Amino acid sequence: GAVVSQHPSRVICKSGTSVKIECRSLDFQATTMFWYRQFPKQSLMLMATSNEGSKATYEQGVEKDKFLINHASLTLSTLTVTSAHPEDSSFYICSATDYRGPDTQYFGPGTRLTVL
Amino acid sequence: AQSVTQLDSHVSVSEGTPVLLRCNYSSSYSPSLFWYVQHPNKGLQLLLKYTSAATLVKGINGFEAEFKKSETSFHLTKPSAHMSDAAEYFCVVSVLRGNEKLTFGTGTRLTIIP
């Protein structure tokens, strides 16, 4: 149980385009979802926290107009990187918590974004 | 404020020998502590967690960790390393109940020597 999926697993796009990444909780209802960014050989940096039906809370330094987060249902959150640039290239990972065990986050497999 | 320090960025052990990955934490409140493993280009998998119950926590794949409040440590151990254990390991702390933010350590890369 507690499986989180992400789609796509890998995406390459041209500079200036927008990219949408989906995060789904497959076998549980996710009360909260989190989006992280991971640079090569570094740890995870939290970008934002989202609860179903409400606006996401962004961490300091994260541009909310550039990284749009939508949490439309208890099983789906999306991250849209708008007007992507090469410096946005990174590994993006989502996680979700279950109301039964809110102290534990379950992580998706990640999405590798490369902006040319 | 909370923080976590992983004392070794890289650990190498021979297959079949014990594994020790060190982690120290700092928090103003009673923490929840986690160890996650990440294989190359993959997401994170929860190995084990401590949430104020038994101080010796057993996880998956033969790993365990002991919470030592006096030493503010939460070291990860395994009696006998397997080749499949080669990965990046993250020690993580959370100080509040509910959907609170996690603070990640910088990670320890574990290499297994055949």
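The values are calculated or read from the model by the stated rules, or taken from the named source; none is laboratory data. What you are looking at is a predicted structure, and each value in this text was computed from that prediction instead of being measured. Don't worry about glycine lacking a Cβ; one is built from the backbone with ideal geometry, like all the others, and counts go over all protein chains shown. For the accessible areas, the whole protein counts, side chains as well, though only heavy atoms, and no ligand, DNA or RNA atoms are used. Shrake-Rupley method; radii C 1.70, N 1.55, O 1.52, S 1.80 Å.
Consider region B:16-50 and keep the residues that are open to solvent by less than 40 Å² (accessible area, probe 1.4 Å) and among the hydroxyl-bearing types (Ser, Thr, Tyr). The one that is farthest from B:His75 (Cα to Cα) is B:Ser27.
Quick one: in region A:72-99, which of the residues that are without any contact (Cβ under 8 Å) to a residue 40 or more places away in the chain and farther than 20 Å from A:Ser9 by Cα is least open to solvent (accessible area, probe 1.4 Å)? Among them, the one singled out is A:Ser73. The residue that is nearest to B:Ser32 (Cα to Cα), among those in region A:58-116 that are among the acidic types (Asp, Glu) and either out of contact with any Ser or Thr (no Cβ under 8 Å at 6 or more places or on another chain) or within 14 Å of another protein chain (Cβ to nearest Cβ) (or both), is A:Asp103. Mind checking whether some residue in region A:20-35 is touching a helix residue (DSSP H, G or I) at 6+ places or on another chain (Cβ under 9 Å), part of a loop (DSSP other than H, G, I, E, B) and farther than 17 Å from B:Tyr36 by Cα? Checking region A:20-35: not a single residue is touching a helix residue (DSSP H, G or I) at 6+ places or on another chain (Cβ under 9 Å), part of a loop (DSSP other than H, G, I, E, B) and farther than 17 Å from B:Tyr36 by Cα. Quick one: would you say B:Val13 is farther than 21 Å from A:Phe107 by Cα, open to solvent by less than 40 Å² (accessible area, probe 1.4 Å) and either touching a strand residue (DSSP E or B) at 6+ places or on another chain (Cβ under 7 Å) or touching a residue at least 40 places away in the same chain (Cβ under 8 Å) (or both)? Considered against the rule, which asks whether it is farther than 21 Å from A:Phe107 by Cα, open to solvent by less than 40 Å² (accessible area, probe 1.4 Å) and either touching a strand residue (DSSP E or B) at 6+ places or on another chain (Cβ under 7 Å) or touching a residue at least 40 places away in the same chain (Cβ under 8 Å) (or both), B:Val13 comes out as yes.
Condition first: over 19 Å from A:Arg112 (Cβ atoms), open to solvent by 70 Å² or more (accessible area, probe 1.4 Å) and in contact (Cβ under 8 Å) with a residue 40 or more places away in the chain. Now tell me which residues in region A:15-57 satisfy that. Those that are over 19 Å from A:Arg112 (Cβ atoms), open to solvent by 70 Å² or more (accessible area, probe 1.4 Å) and in contact (Cβ under 8 Å) with a residue 40 or more places away in the chain: A:Leu26, A:Gln29. Restricting the first member to region B:65-85 and to residues that are assigned to a strand (DSSP E or B), and the second to residues that are acidic (Asp, Glu), the beta-carbon pairs closer than 9 Å and six or more apart or on different chains are B:Ser73/B:Glu66; B:Phe74/B:Glu66; B:His75/B:Glu66; B:Leu76/B:Glu64; B:Thr77/B:Glu64; B:Thr77/B:Glu66; B:Lys78/B:Glu64; B:Lys78/B:Asp85. Just one residue in the set B:Ala53, B:Ala87 is open to solvent by 50 Å² or more (accessible area, probe 1.4 Å) and within 14 Å of chain A (Cβ to nearest Cβ); that residue is B:Ala53. Please tell me if B:Glu64 is touching a His at 6+ places or on another chain (Cβ under 9 Å) and open to solvent by 40 Å² or more (accessible area, probe 1.4 Å). Considered against the rule, which asks whether it is touching a His at 6+ places or on another chain (Cβ under 9 Å) and open to solvent by 40 Å² or more (accessible area, probe 1.4 Å), B:Glu64 comes out as no.
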